[in-house]
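Chemist: Before anything else, here's the structure in question.
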Amino acid sequence: MLNILLYQIKQSHEKPLSGNCYRGGNAGLSLASLLLIKDPNLKIGIIEPSEKHYYQPAWTLVGGGVFDIKKTERSEGDYIPKKATWIKEHADKFEPENNAIITKEGQKYSYDYLVVCPGIQLNWNAIKGLSESLGKNGVCSNYSFKTAPYTFECIKNFKGGNAIFHNPDTPVKCGGAPHKIMYMAADYFRKHGILDKANIQYWSGGTKLFAVDKYEKTLMKVVKRGNIKLNFFVRLEEIDSTNKKAKFVGFGESNKGEVTWVDYDFMHVTPPQSAPDFIKNSPLANAAGWVDVNKHTLQHIKYPNIFSLGDASGLPTSKTGAAIRKQTPTVAENLIALLHNKPMTASYMGYTSCPLITGYGKLVLAEFDYNNKPMETFPFDQSKERWSMYQLKREVLPRMYWGAILRGKMQG
Ligand SMILES: Cc1cc2nc3c(=O)[nH]c(=O)nc-3n(C[C@H](O)[C@H](O)[C@H](O)COP(=O)(O)OP(=O)(O)OC[C@H]3O[C@@H](n4cnc5c(N)ncnc54)[C@H](O)[C@@H]3O)c2cc1C
């Protein structure tokens, strides 16, 4: 879902749409539901081609063998707010000058307000040999519904050797997911007495393990516990699945251009990611391709009747569902203020969260703002590994997501 269209009944080629229109992902459904709670008279249209909706945060748990993949998928139709109009099409082009949007299916929709939230694009083809080797011969990824279960197959069948975990040099959704699965694997190997036969390596395009020092300190102890080797400033360029080798190229000051071919027995790959191409190529994009919005009001820098939130937005914070929980009420309040010709007063401070699984039954709940300053919910030191926080991730958050967040009942 992706566009909010306050629609005037127009016949001709321009199809009447709805007041507001979004996409059917985490951000879009949460916002559409919240807006209809705030003002049931709003006319909302949802442009969303997918018949399925996914609770993606649980894919890490699926990869660790402790969550059923089937429970992460539900029918989109069950979460489209009753009063909204669902348009099963693909948004494709924007005409912000004309307050219009065109779909791949050739329909043109006009709007008074637009909220853009199509999520992030996974660029599997950016790595030579990845698409054809994914899901077999030891190459796995939690970043898709289809391949997350295979990750646990790889962990379960691992008998020793090189276990490689990869993080790209691009922004990704859930910056913790590329290494959370590594801590689960190390813990699994330890519990099954094969940790001493495992050579666990992290190959990351990042500059450090985690942005916030307070939480990174704990993660470094987990790294030590798993005897994990860390490599930074490297890019995965190629996978030779026949010989089970991966090619990494250095891009840091000390390793620029350095080529390393690494043998793997299994390898978890996080695909390079970007804004969707149709956003990148649109007048809405900033220099990096993300939707160009004000980081506090979430209003578009150039087009005042356009907002954006979620993974596709150019907000300088970690791209998570948790961030959307705080972004949604900001957009709702500011949009409704504009609808009533009032000044926008809601301001988003960059809150985001990463539930860092560090083992089976262990989790560090990282919560922080734009300045990487901890912004914690609970009255205890959240940098400690806790069983209670692991249960929050595995048992409570999925229920909150389906039962409250997508229904617009749990924002802020
Ligand atoms: C493995 C993994 C682990 C994660 N772990 C966590 C976690 O622990 N905590 C956390 O907070 N977050 C986590 N996340 C991140 C979280 O899932 C995302 O940040 C969140 O789903 C982003 O929401 P969104 O609405 O921006 O995009 P999405 O939820 O991805 O929705 C985008 C929607 O747009 C639709 N769409 C795409 N293109 C078009 C088009 N052209 N026209 C119309 N519709 C279109 C799609 O069909 C989709 O429904 C994780 C993600 C992954 C993959």
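Chemist: Going by average Cβ density within 10 Å per residue, which order do the peptides 165-175, 389-399 take, highest to lowest?
Modeler: Descending mean neighbour count gives 165-175, 389-399.
Chemist: Looking only at ARG325, ARG235, ARG190, which one moves most when the chain is put into a Gaussian network model with springs between Cα atoms under 10 Å?
Modeler: Answer for the Gaussian network model of the chain: ARG190.
Chemist: Along the positive direction of the dipole of the chain (beta-carbon charges: Lys, Arg +1; Asp, Glu -1; about the Cα centre), which of LEU338, PHE266, ASN305 reaches farthest?
Modeler: PHE266
Chemist: Still on this structure, I have one more. Which lysines, if any, have their Cα less than 17 Å from the Cα of LYS71, not counting same-chain residues under 8 positions apart?
Modeler: LYS52, LYS146, LYS393
Chemist: Using unit Cβ charges (K, R positive; D, E negative) and no other charged atoms, how large, in debye to the nearest 20, is the dipole of the range 336-403 about its Cα centre?
Modeler: Dipole about the Cα centre, nearest 20: 160 debye.
Chemist: While we're on this one: Between the helical axis of 148-157 and the dominant principal axis of the chain, each derived from Cα atoms, what acute angle in degrees is found, rounded to the nearest 10?
Modeler: Long axis of 148-157 versus the principal axis of the chain: about 10 degrees.
Chemist: If you don't mind, another one. Where a Cα-Cα gap under 18 Å defines reach, which aspartates and glutamates qualify for LYS136, not counting those fewer than 8 residues away within the same chain?
Modeler: Those aspartates and glutamates meeting the cut-off are GLU153, GLU238, ASP240, ASP263, ASP265.
Chemist: Step through the table entries LYS221/LYS362; LYS229/LYS373; LYS70/LYS244; LYS208/LYS245, compare each Cα-Cα distance with 19 Å, and write down the pairs that go over it.
Modeler: Exceeds cut-off: LYS229/LYS373; LYS70/LYS244; LYS208/LYS245.
Chemist: Using mean Cβ contacts within 10 Å as the protection proxy, how do 135-141, 27-33 order, highest first?
Modeler: Final packing ranking: 27-33, 135-141.
Chemist: Mind listing the long-range amide H neighbours of ILE200? Cut-off is under 5 Å, sequence gap 5 or more, other chains count too, H placed in the peptide plane at 1.01 Å from N.
Modeler: Amide H neighbours of ILE200, under 5 Å, 5+ apart: ALA163, LYS229.
Chemist: Right, here's the next one. What's the carbon and sulfur percent of the range 124-273's accessible surface, probe 1.4 angstrom, rounded to a whole number?
Modeler: Ligands and nucleic acids excluded, carbon and sulfur give 51 percent.
Chemist: I've got another one for you. What FRET efficiency would be calculated for the residue pair SER254, ASN227, taking the C-beta separation as r and a Förster radius of 22 Å, to the nearest 0.05?
Modeler: E(calc), rounded to 0.05, equals 0.40.
Chemist: Oh, and also: Per the Debye formula with a single identical scatterer at each Cα and no solvent contribution, what log10 I(q)/I(0) holds for the range 64-148 at q = 0.18 Å⁻¹?
Modeler: -1.01
Chemist: How big is the antiparallel share of DSSP beta bridges in the chain, given as a percent to the nearest 5?
Modeler: 55
Chemist: Next question. I need the peptides 107-120, 213-226, 47-60 ranked by packing, meaning the mean over residues of other C-beta atoms within 10 angstrom, with the highest value on top.
Modeler: By packing density, highest mean first, the sequence is 107-120, 47-60, 213-226.
Chemist: May I pose another question? What number, in percent, do you get for the relative contact order of the range 21-148 if the mean sequence gap of Cα pairs under 8 Å and at least 6 apart is divided by its residue count?
Modeler: Result for the range 21-148 is 26 percent.
Chemist: Please give the net charge around ILE306, taking every other residue with its beta carbon less than 11 angstrom from that of ILE306, where Lys and Arg add +1 and Asp and Glu add -1.
Modeler: That sum, taken over residues with Cβ under 11 Å, equals -1.
Chemist: Still on this structure, please answer the following. With charges set only on the Cβ (+1 for Lys and Arg, -1 for Asp and Glu), what does the dipole of the range 174-295 come to about its Cα centre, in debye to the nearest 20?
Modeler: With Lys and Arg at +1 and Asp and Glu at -1, about 560 debye.
Chemist: With θ set to phi - 60°, apply the Karplus curve 6.51 cos²θ - 1.76 cosθ + 1.60 along the range 204-215 and write out the HN-Hα couplings as whole Hz, x wherever there is a Gly or Pro.
Modeler: These are the phi-based 3J(HN,Hα) values: 10, x, x, 9, 7, 6, 8, 5, 9, 3, 3, 7 Hz.
Chemist: Per residue of the range 41-56, what does 6.51 cos²θ - 1.76 cosθ + 1.60 with θ = phi - 60° give for ³J(HN,Hα)? Whole Hz please, x for Gly and Pro, Karplus curve as stated.
Modeler: Computed from phi, the couplings for the range 41-56 are 8, 5, 9, 10, x, 10, 9, 8, x, 7, 7, 10, 10, 10, 8, 5 Hz.
Chemist: Expressed as a rounded percentage, what relative contact order does the range 124-273 have, with Cα pairs under 8 Å and six or more residues apart?
Modeler: Relative contact order, the range 124-273: 33 percent.
Chemist: Find how much the distance from ASP277 to THR377 grows on full extension, using 0.36 nm per residue of separation minus their present alpha carbon separation; answer in nm with one decimal.
Modeler: 32.4 nm
Chemist: Go through ALA163, LEU365, VAL234 and say which Cα lies farthest out towards the positive end of the charge dipole of the chain; charges sit on Cβ, +1 for Lys and Arg, -1 for Asp and Glu.
Modeler: Selected residue: LEU365.
Chemist: So, one more: State, in angstrom, two size descriptors of the range 124-273 derived from its alpha carbons: Rg to one decimal place and Dmax to the nearest whole number.
Modeler: 14.3, 41
Chemist: Do the sum for the chain: with -39,500 (n - 2.57) for every DSSP H run of n ≥ 4, divided by all residues, what is the mean residue ellipticity at 222 nm, to the nearest 500 deg cm²/dmol?
Modeler: -6500 deg cm²/dmol
Chemist: Taking θ = phi - 60°, what integer Hz values does the Karplus form 6.51 cos²θ - 1.76 cosθ + 1.60 yield along the range 262-277, in sequence order, with x for Gly and Pro?
Modeler: Each residue of the range 262-277 in turn: 10, 6, 10, 8, 8, 9, 9, 10, 9, x, x, 9, 7, 5, x, 3 Hz.
Chemist: Further question: Magnitude of the Cβ-charge dipole of the chain, K/R +1 and D/E -1, about the Cα centre, nearest 20 debye?
Modeler: 980
Chemist: Evaluate the Debye formula for the range 217-370 with equal point scatterers sitting on the alpha carbons, no solvent, and hand back log10 of I(q)/I(0) at q = 0.09, 0.15, 0.21 Å⁻¹, in q order, two decimals.
Modeler: Each listed q corresponds, in turn, to -0.46, -1.00, -1.25.
Chemist: Another one. Taking only C-alpha pairs under 8 Å that are 6+ residues apart, what is the relative contact order of the chain in percent?
Modeler: 17
Chemist: Computed over the Cα atoms of the chain, what is the ratio Rg over Rh, Rh following Kirkwood?
Modeler: Reported Rg/Rh (Cα atoms, Kirkwood Rh): 0.98.
The values are calculated or read from the model by the stated rules, or taken from the named source; none is laboratory data. It should be emphasised that the depicted structure is a prediction, and the values quoted were computed from it without experimental measurement. Using ideal geometry, Cβ is built from the backbone for each residue, glycine included, and neighbour counts are taken over all protein chains shown. Areas reflect the complete protein model, heavy atoms only, side chains present, ligands, DNA and RNA absent. Shrake-Rupley method; radii C 1.70, N 1.55, O 1.52, S 1.80 Å.
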